[in-house]
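Here is the structure we will look at.
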Amino acid sequence: MSGKTAVSVVVCMFVYWVLLKLEVNTSCIKPLLHVESNGHVVQVFLNNIYMGVAHGSHDKKSFSFESSVTLDSHIIDISILNTLVGLPDSGAYLERKFAGLTKVRVHCSDNEYDEDFSNQTWGYQVGLLGERQQIYKEENLDVVKWSKMEGSTYEPLTWYKTLFDAPQGNDPVALNMTTMGKGEIWINGQSIGRYWITFLTPEGNPSQTM
Ligand SMILES: *[C@@H]1O[C@H](CO)[C@@H](O)[C@H](O)[C@H]1NC(C)=O
Ligand SMILES: *[C@@H]1O[C@H](CO)[C@@H](O)[C@H](O)[C@H]1NC(C)=O
């Protein structure tokens, strides 16, 4: 490496959106949006407002997410960003192993309303906007507006970029990812792979930080 080096990092593994927009007819005052998944992370948006995140664990992959919502216009626009961190690639009955959403419904805490949207025809889109725009490439770094990072505020699914002068000499350069969580790294527009510092070995250490 030589000269100015751009490093951009996105916190993701394999991510895809599922999207549904429809009209609901309910007089419910306190509706609840309920999502179930058997792996591995969901970030839920309703009418383009972030509702929250939920995930399973190493030992228990399945989880559910529930949030109270307001249905002002009776139009509901649900976007769920799903993250998969991989599936088993060997062993018996592989065809029966799957991960992802299993249920999405809206139910009411003050009346009988309960509608299951699981079998609706959902839209589907792989990846993040920044991946499609390739904002990690030098020529595209200005496609988005970057803001200055204040302190160490942790946000889920954030692109980070930094520029530094490559050290002198021909020795290999390593990045120390100790303070990061999980994601993918590009240097000068080229992906150098993924990291997952927060996933610890039985000894309590990340498998790779450099
Ligand atoms: C959705 O379809 C599956 C498979 O046909 C069925 O088992 C399930 O009961 C359906 N769910 C709803 C809420 O209609
Ligand atoms: C990597 O960064 C961490 C946290 O800043 C630090 O404790 C550690 O010593 C660094 N590792 C190396 C090899 O410099």
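Return the calculated 222 nm mean residue ellipticity for the chain, to the nearest 500 deg cm²/dmol, obtained by summing -39500 (n - 2.57) across DSSP H runs with n ≥ 4 and dividing by the residue count.
So the calculated ellipticity at 222 nm is -500 deg cm²/dmol.
State the three equivalent ellipsoid semi-axes of the stretch 29-118, derived from the C-alpha gyration tensor as the square roots of 5 times its eigenvalues, in descending order and whole Å.
Equivalent-ellipsoid dimensions as semi-axes: 29, 13, 11 Å.
Quantify, in whole percent, the carbon and sulfur part of the accessible surface of the stretch 56-133 (1.4 Å probe; protein heavy atoms only).
Working: 2400 of 4940 Å².
Roughly 49 percent of what the probe reaches on the stretch 56-133 is carbon or sulfur.
Could you give the accessible area per residue of the stretch 54-199, probe 1.4 Å, as a whole number in Å²?
Computed with neighbouring chains in place, this is 68 Å² per residue.
Please report, as a whole percent, how much of the solvent-accessible surface of the stretch 154-208 comes from carbon and sulfur atoms (probe radius 1.4 Å).
51
Report the normalised scattering of the stretch 83-137 as log10 I(q)/I(0) at q = 0.22, 0.24 Å⁻¹, calculated by the Debye formula with identical scatterers on the alpha carbons.
Once normalised to I(0) and log-transformed, intensities are -0.97, -1.01.
Report the residue, chosen from Ser57, Ser73, Ser118, that carries the largest GNM mean-square fluctuation when the chain is represented by alpha-carbon nodes joined by springs under 10 Å.
Largest GNM mean-square fluctuation: Ser73.
Return the Cα extents of the stretch 115-210 along principal axes one, two and three, sorted largest first, each rounded to a whole Å.
Here the Cα extents, ordered largest to smallest, are 62, 42, 26 Å.
Which one, Thr158, Leu141, Ala174, projects farthest toward the positive side of the charge dipole computed for the chain from Cβ point charges (K/R +1, D/E -1)?
The residue sitting most towards the positive pole is Ala174.
Most fluctuating residue of Leu94, Leu200, Leu141 in a GNM of the chain with Cα springs under 10 Å: which is it?
With Cα springs under 10 Å in the chain, the top fluctuation among Leu94, Leu200, Leu141 is at Leu94.
For the chain, what does the equivalent ellipsoid look like in terms of its semi-axes, each the square root of 5 times an eigenvalue of the Cα gyration tensor, given largest first in whole Å?
Details: eigenvalues 279, 93, 46 Å².
Ellipsoid half-lengths, sorted descending, are 37, 22, 15 Å.
The values are calculated or read from the model by the stated rules, or taken from the named source; none is laboratory data. Owing to the predicted nature of the structure, the values given are computational and were not obtained by experimental measurement. Methodologically, a virtual Cβ is constructed for each residue, glycine included, from the backbone with ideal geometry; neighbour enumeration extends over all protein chains shown. Only protein heavy atoms, including side chains, enter the accessible area calculation; ligands, DNA and RNA are left aside. Shrake-Rupley method; radii C 1.70, N 1.55, O 1.52, S 1.80 Å.
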